[in-house]
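The values are calculated or read from the model by the stated rules, or taken from the named source; none is laboratory data. Nothing here was measured: the structure is a model prediction, and the numbers come from that model. For neighbour counting, all protein chains shown are included, and Cβ atoms are generated from backbone atoms with ideal geometry for every residue, glycine included.
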Amino acid sequence: MELLPGGGAAVRANRVWSQTVHAQYGGVMPELASREHVERIDDVLEGALADAGLALGDLHAVAATSGPGLVGALLVGLMYGKGLAQALGVPFYAAHHLEGHIFAAAAEAELDAPYLALVVSGGHTHLFDVLEPGDYRLVGATRDDAAGEAFDKVARLVGLGYPGGPAIGEAATRGDPDAVAFKPPLKGQSGFDFSFSGLKTAALLAHRAGAKPDDLAASFQQAAVRTLVETTVRAAQATGRQTVVVSGGVAANRALRAAFGQTGLRVVFPGPGLNTDNGAMIALSGAAAITAGRAPSPLSVGAEAYAPLATVPGT
């Protein structure tokens, strides 16, 4: 990551090691994830430095995720990052995972607050009002499953494999999105929350009734995309925001991108490789902290499995 004159940052390199070991289990196995982190972190760092044409001594700061997430995997990166910063004598910045997803879009387009940010992934579905970088208000969140989790479970239900997002998206291109009728979740709500548990149950019942896998995938995807887009649009209208950042693994879904493209809002997605979890988004978060003049994090900072980025106003 390179800080640019006048603010902003440019991604010099982004190395990601995708863990395929979890596919046989249909979901992430925490212990295996931690072990893979330990085994691969040196190679990933060395590869990123080589791609960027840098040496360790060229680094002026280090950022690593402190939470939320699986504590075992978080500890690997966090301790590695703190140790690296201490060895190099440079500042260390503990980054929030969800803030990283939001800032991933900063590499794609200039973002002027205030704007809305929808973080939608396998573990999170949150809608934030970004008043300023570092100043967030939670507008809505899932009441049960995250969107990506629901995609994974429906894909596993019909035998499409893991991860479920790409599998559902591919199968949906061959199916009829109107073949299975899904009721809109939380219809008539006054707020901006999300729910995917009912869609998941409806998918199970349709599967038992003999729905074709491709049709079920297309219909489920249409229902999930519709609730994400319609709820976000209502929130934009209520807050007066004209720009929406959509990030996280589910943001790579082509149907979701196409649907947001029809809303009339300025919708910013992260660039290629920055939707799913990656180091560049954490570096971007650290760069934003430096640009904003935030103090470095103490080396005593720990990993947090549960770490809200913001709360609902008044709570």
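Residues of region 150-190 that are small (Gly, Ala, Ser), surrounded by fewer than 16 Cβ atoms within 10 Å (Cβ to Cβ) and modelled with pLDDT under 95: GLY159, GLY188, SER190.
Looking across region 119-166, the residues that are in contact (Cβ under 8 Å) with a residue 40 or more places away in the chain and among the acidic types (Asp, Glu) come down to ASP129, ASP144, ASP145, GLU149, ASP152.
Considering only residues that are farther than 13 Å from VAL301 by Cβ and of a type in the set (D, E, K, R), which ones fall in region 64-115? Across region 64-115, the qualifying residues are GLU99, GLU108, GLU110, ASP112.
Taking the criterion of being in contact with a helix residue (DSSP H, G or I) (Cβ under 7 Å, 6 or more places away or on another chain) and either assigned to a helix (DSSP H, G or I) or at pLDDT 95 or above (or both), the residues of region 68-90 that qualify are GLY72, ALA73, VAL76, GLY77, TYR80, LEU88. Against the condition of a type in the set (A, V, I, L, M) and either part of a helix (DSSP H, G or I) or not assigned by TED's automatic domain parsing to the domain that holds GLN237 (or both), how does LEU216 come out, does it pass? Yes, satisfied. The single condition among (1) within 19 Å of the chain's Cα centre (by Cα); (2) under 25 Å from ARG174 (Cα atoms); (3) among the aliphatic types (A, V, I, L, M) that VAL244 does not meet is (2).
Restricted to helices (runs of 4 or more DSSP H) entirely inside region 96-211, those with at least 1 residues that are assigned by TED's automatic domain parsing to the domain that holds MET281 are 97-104. On the given criteria, is GLY264 outside the structural domain of PHE151 (by TED's automatic domain parsing) and either of a type outside the set (Gly, Ala, Ser) or part of a loop (DSSP other than H, G, I, E, B) (or both)? Considered against the rule, which asks whether it is outside the structural domain of PHE151 (by TED's automatic domain parsing) and either of a type outside the set (Gly, Ala, Ser) or part of a loop (DSSP other than H, G, I, E, B) (or both), GLY264 comes out as no. If I filter region 261-274 for residues that are surrounded by 23 or more Cβ atoms within 10 Å (Cβ to Cβ), over 14 Å from VAL130 (Cα atoms) and at pLDDT below 95, do I get at least one hit? Yes, region 261-274 has at least one match. Scanning region 232-259 for residues that are within 16 Å of LEU127 (Cβ to Cβ) and surrounded by fewer than 22 Cβ atoms within 10 Å (Cβ to Cβ) gives VAL233, ARG234, ALA235, GLN237, ALA238, THR239, GLY240, ARG241, GLN242, THR243, ALA259.
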